[in-house]
Amino acid sequence: MRHQKLKNAAEFENTRDDVFERIASRYDLLCDLFSLGIHRIWKRRVSDLVSEEPWDNLLDVASGTGDIVLKLLQKKKLLSNQKVIVSDICRKMLSIAERKIDDYRENIRFERINAHSINEIDSSSIDVYSISLGLKICDREKAMQEAFRVLKPGGRFVSLEASNIPFNWLHNLYLFYMALCMPFIGWVATGGDSSAYKYLLHGVRDFPSAEDLKTEIESIGFEKVKYERLSLGIVAIHIAVKPECA
Ligand SMILES: C[S@@+](CC[C@H](N)C(=O)[O-])C[C@H]1O[C@@H](n2cnc3c(N)ncnc32)[C@H](O)[C@@H]1O
């Protein structure tokens, strides 16, 4: 059953649990194990979509170890007018991102930013806001309101997140597989730290469907909301525009 009223699908609260500090050094390995490596394809698609947009200022939120921006930079050198902010609430994740992106440091800033209140960034100053696998771990309503605030009119919101396979029986089978295998993989990979897969499992199970997330994004004030499902709908990428008149 999907609990769509829950605005923080994973019920994760950074101040209660420093799980990302604990698993930061193993995060990339965990992503490969949990998704059988397929997260690389999802993230490449996000970075392709971001690079197709015209932008001067890109803000990547909940960047983790920096995969989205790294893929973007590996694909295309930044233009001299383009600036990127890589951000996360977790210091250790951010320092790994910094190390991974070290070769491309020009015009890149690393900032510790809370997606729920981005006090560091002026309103209407960002052209593209991206968040990958972060909405389920945040209060998505607050995060999307902040995304809306910092974006310039006409700016783009891009989100990659867990979603629903449109065939119920297959989606339930997928959730069953996750519930069965993830505790084992997670337990082995984290040396017995159950938090990582607990949040992931809740986040995936209780995150809204692609259609419902589209409605939520529209309710924040975004327009032209589109989404594409990847890997049968295990994840979806949503793109939305802040209206010119906002
Ligand atoms: C599942 S990871 C996703 C990382 C990366 N974007 C990726 O695609 O692999 C979620 C990230 O969200 C960060 N996070 C959790 N709560 C946050 C918040 N309130 N503000 C900013 N980042 C947050 C965590 O520290 C973690 O790095």
**Prompt:** How long, wide and thick is the chain, going by the Cα atoms along their three principal axes, in whole angstroms, largest first?
**Reply:** 48, 37, 33
**Neighbourhood net charge (11 Å Cβ-Cβ; Lys/Arg +1, Asp/Glu -1) for residue 127** = +2
**Among beta bridges that DSSP assigns inside region 19-241, antiparallel share in %, nearest 5** = 40 percent
**For region 167-188 versus region 199-221, the gap between their alpha-carbon centres in whole angstrom** = 19 Å
**Fill in**
Residue-ordered couplings for region 117-127, obtained by feeding phi - 60° into the Karplus form 6.51 cos²θ - 1.76 cosθ + 1.60 and rounding to whole Hz (Gly and Pro as x), are 8, 8, 5, 6, 10, 5, 5, 6, 10, 10, 8
**Fill in**
Treating only Lys and Arg (+1) and Asp and Glu (-1) as charged, each at its beta carbon, one finds that the chain has a dipole about its Cα centre, in Debye to the nearest 20, of 380 debye
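Here, each number is a calculation from the coordinates, and none is a lab measurement. Note that this is a predicted model, so its numbers are computed, not measured. As a convention, Cβ positions derive from the backbone with ideal geometry for all residues, glycine included, and neighbour counts pool all protein chains shown.
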